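Undergrad: Structure provided below as structure tokens; questions to follow.
The values are calculated or read from the model by the stated rules, or taken from the named source; none is laboratory data. No experiment lies behind these values; they were computed from the predicted model shown. A quick note on method: Cβ atoms are made from the backbone with ideal geometry, for glycine too, and the neighbour counts reach across all protein chains shown.
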Amino acid sequence: MKLRFGIIGCGRIAPSHGEALTKMLTDEAELIAVCDIIPERANSFGERYGVKKIYYDHHDLLQDQEIDIVCICTPSGYHAALGIEAANAGKHVVVEKPMALSLADADRLIAACHANKVTLGVVHQNRFNPAIKLVRNAFEAGRFGALTHANAAIRWCRDQKYYDAASWRGTWAQDGGVLMNQSIHNIDLLQWIMGAPTEIYAYTATRLRQIEAEDVAVAILKFANGAFGIIEAASTIFPRNLEETLSIFGATGSVIVGGIAVNRIEAWRFGDDNEEQQILSGQQSDPPTVYGFGHRELLSNVIQAIRAGKRPLVDGEEGRKALEIILGIYHAVRFGTPIKFPLQEKADSLTALMGGKS
């Protein structure tokens, strides 16, 4: 039997879910309901994907007994609260990144899903990129040897029109900056390979955009295994998106993944030149947007986990890890000192933590 989906929030990211559910996962899933507080947006989205149940209040969608799983695609500041409501209504939850804007809210969402015995999946879809799968497999096989350092960089363009188009974007109350909204993807990949950090120091600034939060950031991390990491994040790149990259270096291996959305292997060096040429010629892919093409596999992974009674690849505990690193960066900026991990959160919201600081 197909699992029946509802989508709450029909904005910028929702089509990635709609396309996956109605055109790629038709044997596993059925999109039966959508909801948005803007009726025209909900109606248009429903018509686009052939959905007959259109809601303008999420409470009505959550009361629909035919829905098995809810995808939360709203502005970031609503993710945790809506996820908790969905769990309390007995629905499985797929929540877009970030899963919350504080660790306290993330933990409440995780607890609600556990208490209601529903599955929670967090959208870090780039883990399913073919190039990233190869890197992860090489790591699990021990091919890098002792890890020495890693770089994660996102160099994208989000111009002023992007922020002006939605009043919540770039605010501390509902979003955060380039770290929380864009760079969270490759921060997730960085920690997936390198493990948990033990210490972070960072700088952020609002250089070009008229927003509360940061549009450029750099951070230095020390990991539990003794390796170092550098995070670079910018939404100020002119005139268009440039690249999202992940570089991993170890005693016996070096890999660089680039492209617009960590989708192209640019260097694959484990001492076998023939293997590198095969990888470089055979593992390249060009996604239609910076969101990549991982939503299909991520949603399929969640569906399979529900049916098997197992945890999805990116469950709540996994989704929390990138959030903790970003909040650690914000703490380092706010207090001007290296921050130790695990993070001891000093505020229950970004507004309370950062004040007017960027």
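Undergrad: Hey, does the range 87-110 have a residue that's under 19 Å from Arg12 (Cα atoms), in contact (Cβ under 8 Å) with a residue 40 or more places away in the chain and basic (Lys, Arg)?
TA: Yes, some residue in the range 87-110 is under 19 Å from Arg12 (Cα atoms), in contact (Cβ under 8 Å) with a residue 40 or more places away in the chain and basic (Lys, Arg).
Undergrad: Which is in a helix (DSSP H, G or I), surrounded by 20 or more Cβ atoms within 10 Å (Cβ to Cβ) and outside the structural domain of Ser183 (by TED's automatic domain parsing), of Leu327, Leu299?
TA: Every option except Leu299 fails the conditions.
Undergrad: Sticking with this one: Could you list, in sequence order, all residues of the range 229-253 that are of a type outside the set (Gly, Ala, Ser) and in contact with a helix residue (DSSP H, G or I) (Cβ under 9 Å, 6 or more places away or on another chain)?
TA: Ile231, Glu232, Thr236, Glu244, Thr245, Leu246, Ile248
Undergrad: Then there's this: Please go through the range 55-81 and pick out each residue that is closer than 18 Å to Val314 by Cβ, in contact with a strand residue (DSSP E or B) (Cβ under 7 Å, 6 or more places away or on another chain) and aliphatic (A, V, I, L, M).
TA: Ile69, Val70, Ile72
Undergrad: Another question, if that's okay. Which of the following residues is in contact with a helix residue (DSSP H, G or I) (Cβ under 9 Å, 6 or more places away or on another chain) and among the acidic types (Asp, Glu): Asp107, Asp164? Write out each step before concluding.
TA: Values: Asp164 fails: in contact with a helix residue (DSSP H, G or I) (Cβ under 9 Å, 6 or more places away or on another chain).
Selected residue: Asp107, the only one of Asp107, Asp164 that is in contact with a helix residue (DSSP H, G or I) (Cβ under 9 Å, 6 or more places away or on another chain) and among the acidic types (Asp, Glu).
Undergrad: Give the residues of the range 177-198 that are more than 16 Å from Arg334 (Cβ to Cβ), more than 10 Å from the chain's Cα centre (by Cα) and touching a residue at least 40 places away in the same chain (Cβ under 8 Å), sorted by residue number.
TA: Within the range 177-198, Val178, Leu190, Gln191, Trp192, Ile193, Met194, Ala196, Pro197, Thr198 meet the criteria.
Undergrad: Can I ask one more? For the structure I just gave you, tell me whether Arg169 is in contact with a Phe, Trp or Tyr (Cβ under 9 Å, 6 or more places away or on another chain), buried (at least 18 other Cβ atoms within 10 Å of the Cβ) and among the basic types (Lys, Arg).
TA: Values: in contact with a Phe, Trp or Tyr (Cβ under 9 Å, 6 or more places away or on another chain): yes; buried (at least 18 other Cβ atoms within 10 Å of the Cβ): yes; among the basic types (Lys, Arg): yes.
In short, yes.
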